[in-house]
Amino acid sequence: MKNILITGNLGYIGPVLTSHLLKKDYLISGLDTGWFEFCNVKNIISDKPSMQIYKDIRDITESDLNNFDAVVHLCAVSNDPMGHEFEDATYSINLEASINLAKMCSKMNVSNFVFASSCSVYGAGGDKPKTELDSVNPLTAYAKSKIAFEEALEDISSDSEMCITALRFSTACGPSPRIRLDLVLNDFVATALTKNSIEILSDGSPLRPLIDVEDMSRAIEWSIDRNPKNGGKFLVVNVGRNDNNLTVLQMAELVKELIPNVNLSVNTNAAPDKRSYAVDFSLYESLCGDYRAQWTIKDSALRLIELMQPIKDKLNNFRDSHLIRHNVLRDLKEQKVLDENLRLNK
């Protein structure tokens, strides 16, 4: 039985990943600040790790890493708006503390290190699907921190026996006990159900690849067990499905087809959104075998409808709620629980 530590396990992906891995008989521990622990959409009982450490990743020590076979690093300031407002904290958490964590993992003989990176590193990528060999063009603090840590991991790998996998995930979507509604497909389903409308603030043309949280969990499981003979001791790989590359408008139209009587509006006068990229997932599919992504965007939308339909009355003002992660950080800062660097005030 492998002993796994998940950093940032009390966020959106963590509960889904924990449940997935527990079904596979892994022993799971979590490390998290707990900022988003109570951001539940409804009272769903989710599987819990065998041990929960409440700690800022910037304060992690070697003793926190004793006896772990693999570390899954989800912990991050996790989107562009938060990265813009809390830029210094984004770099201190997503880059500096992450480098420290990876070096400690290597020293403590962790066999597999799994990093949740992002396809957002491609930035203004154009229409041609990007492969791992193409140049990156990160446009935001969040994306820049992701690619900088990938580069640091490659350097760490040169002096380490650790098998390192950087999973460049598509934009996450799908249901979770700790749902986020600041993700594009999740937002479209929530607004369609609560407002009978979807308003696209851009011109709808930006391309995005999407991936269901269940498929993210499958990719992480594959990475936990990955042997260096399958992809190398250090691997950066795009994770998703080629048919899940859609424009924002196509995503909205898909949701409109699934939910009756929804009005769709597009801001045709909007300035172009430079964050537009399609991604090629052929390398992942060639390496991962049975772990390849299973869920289409339509599948994920249907699963989101199933989750949110019974509680849609509680979601009417979701953009002002704790289901938007940026709101949580702003509230904690205004209440002086956190300072401007997202540190606990003493």
All but one of (1) over 19 Å from residue 282 (Cα atoms); (2) in contact with a Leu (Cβ under 7 Å, 6 or more places away or on another chain); (3) in a helix (DSSP H, G or I) hold for residue 224, so report the exception by its number. (2)
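Regarding the stretch 263-280, can at least one residue be identified that is part of a helix (DSSP H, G or I), surrounded by 17 or more Cβ atoms within 10 Å (Cβ to Cβ) and in contact with a helix residue (DSSP H, G or I) (Cβ under 6 Å, 6 or more places away or on another chain)?
So the first thing to find is which residues in the stretch 263-280 are part of a helix (DSSP H, G or I), and the list is none.
No, every residue in the stretch 263-280 fails to be part of a helix (DSSP H, G or I), surrounded by 17 or more Cβ atoms within 10 Å (Cβ to Cβ) and in contact with a helix residue (DSSP H, G or I) (Cβ under 6 Å, 6 or more places away or on another chain).
Among the residues of the stretch 1-24, write down those that are over 17 Å from residue 67 (Cα atoms) and either in a loop (DSSP other than H, G, I, E, B) or of a type in the set (A, V, I, L, M) (or both). Full working, then the answer.
Step one: filter the stretch 1-24 for residues over 17 Å from residue 67 (Cα atoms), giving 8-24.
8, 9, 10, 11, 12, 13, 16, 17, 21, 22, 24 - these are the residues of the stretch 1-24 that are over 17 Å from residue 67 (Cα atoms) and either in a loop (DSSP other than H, G, I, E, B) or of a type in the set (A, V, I, L, M) (or both).
Conditions (1) of a type in the set (S, T, N, Q); (2) in a loop (DSSP other than H, G, I, E, B); (3) under 20 Å from the mean Cα position of the chain (by Cα), marked per residue:
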position	(1), (2), (3)
125	no, no, yes
172	no, no, yes
180	no, yes, yes
198	no, no, no
Filter the stretch 100-131 down to residues that are aromatic (Phe, Trp, Tyr) and under 23 Å from residue 80 (Cα atoms) and give me whichever is surrounded by the most Cβ atoms within 10 Å (Cβ to Cβ). 122
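Please count how many residues of the stretch 60-83 are in a helix (DSSP H, G or I) and either under 27 Å from residue 158 (Cβ atoms) or in contact with a Phe, Trp or Tyr (Cβ under 8 Å, 6 or more places away or on another chain) (or both).
First, the residues of the stretch 60-83 that are in a helix (DSSP H, G or I): 62-65, 80-83.
Pick out the ones that are also either under 27 Å from residue 158 (Cβ atoms) or in contact with a Phe, Trp or Tyr (Cβ under 8 Å, 6 or more places away or on another chain) (or both) and you get 62-65, 80, 82-83.
So the answer is 7.
Within the stretch 285-319, how many residues turn out to be part of a helix (DSSP H, G or I) and touching a helix residue (DSSP H, G or I) at 6+ places or on another chain (Cβ under 7 Å)? Outline the logic, then answer.
As a first pass, look at the stretch 285-319 and keep what is part of a helix (DSSP H, G or I): 285-291, 297-315, 318-319.
From the residues that got through so far, the ones that are touching a helix residue (DSSP H, G or I) at 6+ places or on another chain (Cβ under 7 Å) too are 288, 291, 297-298, 300-302, 304-305, 308-309, 312, 315, 318.
Result for the stretch 285-319: 14.
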Taking the condition of being open to solvent by 10 Å² or more (accessible area, probe 1.4 Å), in contact (Cβ under 8 Å) with a residue 24 or more places away in the chain and not in a loop (DSSP other than H, G, I, E, B), how many residues in the stretch 25-51 meet it? 2
Residue 313 is checked against (1) under 23 Å from residue 215 (Cα atoms); (2) open to solvent by 20 Å² or more (accessible area, probe 1.4 Å) and fails just one. What number does that condition carry? (1)
Given the criterion surrounded by fewer than 21 Cβ atoms within 10 Å (Cβ to Cβ), in a helix (DSSP H, G or I) and without any contact (Cβ under 8 Å) to a residue 40 or more places away in the chain, identify the matching residue among 134, 155, 187. 155
Sole exception among (1) within 21 Å of residue 212 (Cα to Cα); (2) within 18 Å of the chain's Cα centre (by Cα); (3) open to solvent by less than 60 Å² (accessible area, probe 1.4 Å) for residue 327, by number: (1)
Between residues in the stretch 236-254 that are of a type in the set (Lys, Arg) and residues that are surrounded by 22 or more Cβ atoms within 10 Å (Cβ to Cβ) and not in a strand (DSSP E or B), which pairs lie under 7 Å by C-beta distance while being six or more apart or on different chains? 241/281; 241/293
Residue 21: open to solvent by less than 10 Å² (accessible area, probe 1.4 Å) and either under 22 Å from residue 212 (Cα atoms) or at pLDDT 95 or above (or both), yes or no? yes
Which one is farthest from residue 161 (Cα to Cα), of the residues in the stretch 223-244 that are open to solvent by less than 30 Å² (accessible area, probe 1.4 Å) and polar (S, T, N, Q)? 244
By residue number, the members of the stretch 137-147 that are open to solvent by 30 Å² or more (accessible area, probe 1.4 Å) and assigned to a helix (DSSP H, G or I) are 142, 144
Give me the pairs, please: first residue somewhere in the stretch 296-325 and free of Cβ contacts under 8 Å to residues at least 12 places away in the same chain, second residue anywhere and surrounded by 13 or more Cβ atoms within 10 Å (Cβ to Cβ), beta-carbon distance under 6 Å, and either six or more positions apart or on two chains. none
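The values are calculated or read from the model by the stated rules, or taken from the named source; none is laboratory data. Predicted, not measured: the structure shown is a model, and the values here were computed from it. Backbone-built Cβ (ideal geometry, glycine too); neighbour counts: all protein chains shown. Remember, those area values only see protein heavy atoms, side chains included, never the ligands or the DNA or RNA. Shrake-Rupley method; radii C 1.70, N 1.55, O 1.52, S 1.80 Å.
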